[in-house]
Every structure is written in structure tokens, then in C-alpha cells.
Amino acid sequence: MPGPNGALAVGGEVPTSSASPTPTPAPAKRIRRTFIPDYQLPPIVGGLAPVITRIQTKHPVVFLTIDDGNIKTPESIKLMAEYDYPSSLFLTRDTVADNPAFFNAFKAQGSLIENHTVTHNINMVRQWGYQQQLNDMVGMQEYAFQHYGRRPTLFRPPGGAYSDVMRKAVADAGMKAIVTWEAKANAGKMDYQVGNSLRPGDIVLMHFRAEFAADLAAFRAAQLAAGLEVVLLEDFLGVA
Ligand SMILES: [Zn+2]
């Protein structure tokens with residue numbers, strides 16, 4: 001059946017006649033298009049959070065993720081609004097602490113804040129045991145809740161390296177998955193670990209860097225060339 005915006009029929013987001021009334025109203029959430037789910041997030045097994053590199057889906061969707069938070073320019077807010085891209089922002093406390101409110105503009109556009117640790121130690125897998133990793137994750141969980149009103153559900157390891165110890169800490173910190181990538185927008189161009197174009201279900205890595213506009217332009221060109229729609233990863237996974 002057509003959805004309110006001529007969308008495809010529906011996942012769990014759209015109420016049906018059999019749905020019982022929700023006791024606590026959910027906060028208004030922007031739904032662009034709902035897709036019949038053809039991918040299920042693997043569960044936490046044996047205490048270990050799953051690791052997601054891309055989403056196996058037949059839907060023409062791509063997921064934009066933007067990391068760290070170092071460079072905060074009004075231009076990046078303007079561009080994201082102009083392109084109307086919801087994205088997952090993997091922020092690091094120590095890089096956003098000088099101006100956490102900057103990221104509220106992206107949140108208002110439909111993006112979500114996720115967990116990229118407190119300190120961004122790219123050697124955390126090698127240097128730290130379970131407890132120290134967990135502490136660095138929990139610190140960001142609490143910071144995100146304090147400043148953005150939601151505890152992150154997704155974790156991105158600084159530098160991308162992970163281990164089973166990290167997977168356990170991620171689960172114990174209350175998150176649902178580790179998210180890595182196979183494509184990135186970097187230095188004004190796209191880099192692909194596989195192939196030479198974006199594929200449905202790709203997770204794209206970007207950063208809040210001085211090259212934000214050039215990186216976003218490279219992503220936009222690739223996204224349009226591939227005929228993909230930018231969808232919020234958390235919506236697709238049901239972990240928003
Ligand atoms: Zn990072």
C-alpha cells in the first residue's frame with residue numbers, strides 16, 4: 001500500500017489497524033521512506049556485538065556516516081540541509097567538547113549521534129583491556145545522552161580495528177553493533193575497498209574535516225551516479 005509520501009509499503013514504523021496504542025508517545029521522528037526490511041541486524045551472540053561492514057539489501061539505499069567532529073563549519077550544516085542527508089554521526093567526546101551544540105543542527109535535520117569513544121585512541125584494541133575500552137565507550141554513551149538526549153546504539157572503533165574484547169565491551173556498554181565501512185569520501189574523492197562505485201547497502205565513511213565540502217560533493221556525485229537514496233542507517237536497522 002502507498003505510504004503517506006507515496007512510499008513503499010512498510011516496516012515497523014508505520015502504524016497498522018492492529019497496532020495497539022502506544023502508552024508513551026514516541027518523539028516526532030522524520031521518516032523519509034520506509035522499506036520492507038530485507039536485512040536483519042545480527043543479534044548479540046555469546047555477549048559479542050555483531051560487526052557490520054555493509055548491509056546486504058536489494059533496496060537502492062546507501063548510508064552516510066561522518067566521524068570525529070573536529071572541524072565545525074556553518075558550511076557543513078548548510079550543505080547537509082541542502083542535500084537533505086540524514087546521517088550517523090560517530091562523534092568523539094574530546095573532539096566535540098569545545099562546542100557540542102554545533103551538532104544539534106544535524107540532529108534537527110534527522111541525523112543521529114553515535115559513539116566514537118571519549119579519547120579516540122586508535123590503538124585501543126592493542127593497548128587496552130576490556131575495562132578500559134568499556135570505560136571509554138561508556139563515557140561517550142553518557143556524554144551523548146547528556147548533550148543529545150539519546151544513548152548511542154552503534155559504535156565505530158577509532159581507526160577501524162576491532163576484536164572480540166571490543167565486541168564484548170560494545171555489547172556491555174548497551175550498544176547493538178560495531179559499524180565499519182568499505183567506502184569512504186576522503187580528500188575530495190571516493191575510495192572503494194571493493195569495486196569502483198557505490199553499491200546498494202554501502203556504508204560510507206566521511207569526517208568533519210576542512211575538506212568537508214569537497215568530500216560531500218564526491219559522495220553526492222557517487223550517490224547520484226549509482227541511483228541510491230541516502231537513508232539513516234539506524235532507521236534501516238531498527239536501532240534509532
Ligand atoms: Zn575517528
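Of the residues Ser87, Ala101, Ile77, the one whose Cα sits farthest towards the positive end of the charge dipole of segment 51-237 is Ser87 (charges of +1 on Lys and Arg Cβ, -1 on Asp and Glu Cβ, taken about the Cα centre). With helices as the sole contributors, the chain gives -8500 deg cm²/dmol at 222 nm; each DSSP H run of n ≥ 4 counts as -39500 (n - 2.57), and the sum is divided by every residue. For the chain, the equivalent ellipsoid built from the Cα gyration tensor has semi-axes of 26, 23, 19 Å, listed from largest to smallest. Computed from the Cβ-Cβ distance with R0 of 41 Å, the FRET efficiency linking Asn196 to Gln40 stands at 0.90.
Based on C-alpha pairs under 8 angstrom that are at least 6 apart in sequence, segment 51-237 has a relative contact order of 33 percent. Using 0.36 nm per residue and subtracting the Cα-Cα separation, the extra length available between Ala97 and Asp172 on full extension is 24.6 nm.
Between Ala226 and Ala161, the FRET efficiency from the beta-carbon distance, with R0 = 22 Å, is close to 0.20.
Based on other C-beta atoms within 10 Å, arrange Arg167, Arg150 from fewest to most. Kindly include the intermediate steps, with their values, before the conclusion.
Working: Arg167 22, Arg150 16.
Listed from fewest to most nearby Cβ atoms, that is Arg150, Arg167.
Between Gln146 and Asn70, what's the calculated FRET efficiency when r is the beta-carbon distance and R0 is 22 Å? Round to 0.05.
Details: r = 20 Å, r/R0 = 0.93.
So, using R0 = 22 Å, E works out to roughly 0.60.
With a ≥ b ≥ c taken as the square roots of the eigenvalues of the C-alpha gyration tensor of segment 85-124, please select rounded if a/c is under 1.5 and otherwise prolate if a/b is larger than b/c or oblate if it is not? Since a/c reaches 1.5 but b/c is at least a/b, the shape of segment 85-124 is classed as oblate.
Cβ under 13 Å from Tyr192's Cβ, Tyr192 left aside: what net charge do those residues give with Lys, Arg +1 and Asp, Glu -1?
Details: positive: Arg54, Lys184, Lys189, Arg199; negative: Glu182, Asp191, Asp202.
Summing Lys and Arg as +1 and Asp and Glu as -1 gives +1.
Mean Kyte-Doolittle of at least 0.5 and a Cα length of 20 Å or more along the axis: which whole DSSP H helices of the chain meet both?
Values: long enough: 130-148 (26 Å, -1.01); 212-226 (21 Å, 1.07).
In the chain, the long hydrophobic H runs are 212-226.
Database remark: amide H of Val61 closer than 5 angstrom to the amide H of Gly201, Glu229 (H placed geometrically; neighbours at sequence offset of 5 or more, or on other chains; Pro and chain starts carry no H).
Here, each number is a calculation from the coordinates, and none is a lab measurement. Keep in mind that what you see is a predicted model, and the values were worked out from it rather than measured. In this analysis, Cβ positions are derived from the backbone assuming ideal geometry, glycine residues included, and neighbour counts consider all displayed protein chains.
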